[in-house]
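The values are calculated or read from the model by the stated rules, or taken from the named source; none is laboratory data. All figures in this text were calculated on a predicted structure; none of them were measured in a lab. Methodologically, a virtual Cβ is constructed for each residue, glycine included, from the backbone with ideal geometry; neighbour enumeration extends over all protein chains shown.
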Amino acid sequence: MRAERVDGRGRWRRLAEIASGFSGTEVAVLGDMVLDRFWYGAVQRVSREAPVPIVRLERSRLLPGCAANTVFNLAALGASVRPLGVVGDDEAGRGLKRLFEKAGIDGTGLLTVKGWETPTKTRILAGTPHGPRQQLVRVDAGEANTLTEAVRETLARGLSEAAARARALVLSDYGYGLVPAVWEDRPTVLPAITALDSRFNLARFSGLTTATPNEEEFEQAAGRSFGDDEDLLCEAGEALRSRQRLKALLVTRGARGMALFAEGQPPALLPIVGSDQVVDVTGAGDTVMAAYVLALAGGASFLEAALLADVAGGIVVQKHGTATTSVPEVVRTLEEWGDGRL
């Protein structure tokens with residue numbers, strides 16, 4: 001299957017117009033709410049207790065992770081977001097809810113459940129006193145929670161209410177089991193746009209508007225790897241889109257850009273926007289999803305939405321940690337892209 005290579009530079013004014021209409025778009029997000037904790041320090045010496053560096057902690061930072069990062073990316077782009085998920089009655093859960101409150105995001109759809117350990121990813125970044133910091137280790141917690149029937153039913157009711165009002169619904173499934181369980185009682189009325197970002201369960205969802213796997217997730221769902229063989233990539237992409245009854249499938253490919261498979265259209269290969277010298281890919285998929293969904297909700301074609309998502313993703317991978325972008329930053333990047341300065 002022959003693919004088209006699409007460079008959206010000539011469409012930048014149209015893309016900027018679409019981005020400028022993001023404000024106020026109502027979006028519901030059902031997903032795994034995670035707290036990202038970053039510890040920054042300087043390496044002092046090697047420990048005598050074990051062959052590991054001793055790091056002097058200089059500062060720490062709390063950021064929203066996984067589905068919570070999707071929520072923050074949507075809000076940063078001007079959307080009116082309603083997150084739906086679970087946090088624990090613990091320090092991490094309270095910290096995550098404070099982040100939502102500080103950002104002015106309605107957190108009433110987040111259930112605080114006793115006995116639930118808020119999933120947390122702690123990253124320790126260190127280097128020489130005056131040099132760059134690099135990640136030494138990541139410590140994860142909160143992966144063994146059990147979703148009770150009562151909590152599942154409460155979330156399903158909240159999802160039905162939110163979906164009835166929203167212009168778009170995002171399912172942000174990072175493999176903690178919450179999204180597939182709640183989706184069993186999916187609403188009978190869904191928004192015009194229902195989008196999936198699933199770490200391990202893409203094949204379990206069908207009949208949605210679209211999905212945005214990265215290349216590794218795509219290959220897992222397709223059951224094979226493709227390397228640099230774009231013909232096989234396109235053949236498998238269209239087959240997976242058809243099998244899952246999606247109107248479109250957008251595959252993010254890191255430094256190789258994106259691949260879009262839309263119903264009734266030839267596959268489109270999009271180059272990376274901006275520098276291919278990536279600083280940090282943490283959470284970039286959440287930014288891609290946010291821009292893509294908001295564009296679709298505003299009436300953009302799948303190709304236009306993918307191009308905007310490509311631009312937004314290219315911005316955040318140049319930033320450290322789980323980052324967001326804004327409409328002014330996107331528009332400024334579009335102008336530079338269209339003028340050939342990127």
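Each row is one residue, and each column tells you yes or no for (1) within 19 Å of the chain's Cα centre (by Cα); (2) part of a helix (DSSP H, G or I).
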site: V189; (1), (2): no, no
site: A195; (1), (2): yes, no
site: L233; (1), (2): no, yes
site: E238; (1), (2): no, yes
site: S242; (1), (2): no, yes
site: D286; (1), (2): yes, yes
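Only one of these is crowded, with 16+ Cβ neighbours inside 10 Å, assigned to a strand (DSSP E or B) and aliphatic (A, V, I, L, M): L96, L169. Name it. Just a single option satisfies the conditions, and that option is L169. Evaluation of A300 against the conditions (1) part of a loop (DSSP other than H, G, I, E, B); (2) over 17 Å from A79 (Cβ atoms); (3) of a type in the set (A, V, I, L, M) shows that the sole unmet condition is (2). Selection within region 99-148: residues that are touching a strand residue (DSSP E or B) at 6+ places or on another chain (Cβ under 7 Å), part of a loop (DSSP other than H, G, I, E, B) and among the hydroxyl-bearing types (S, T, Y). The member of this set that is modelled with the highest pLDDT is T118. Across region 284-304, a minimum of one residue is classified as at pLDDT below 90 and crowded, with 18+ Cβ neighbours inside 10 Å. Restricting to region 143-166, name every residue that is surrounded by fewer than 17 Cβ atoms within 10 Å (Cβ to Cβ) and closer than 24 Å to G24 by Cα. The answer is R157, S160, E161, A164, R165.
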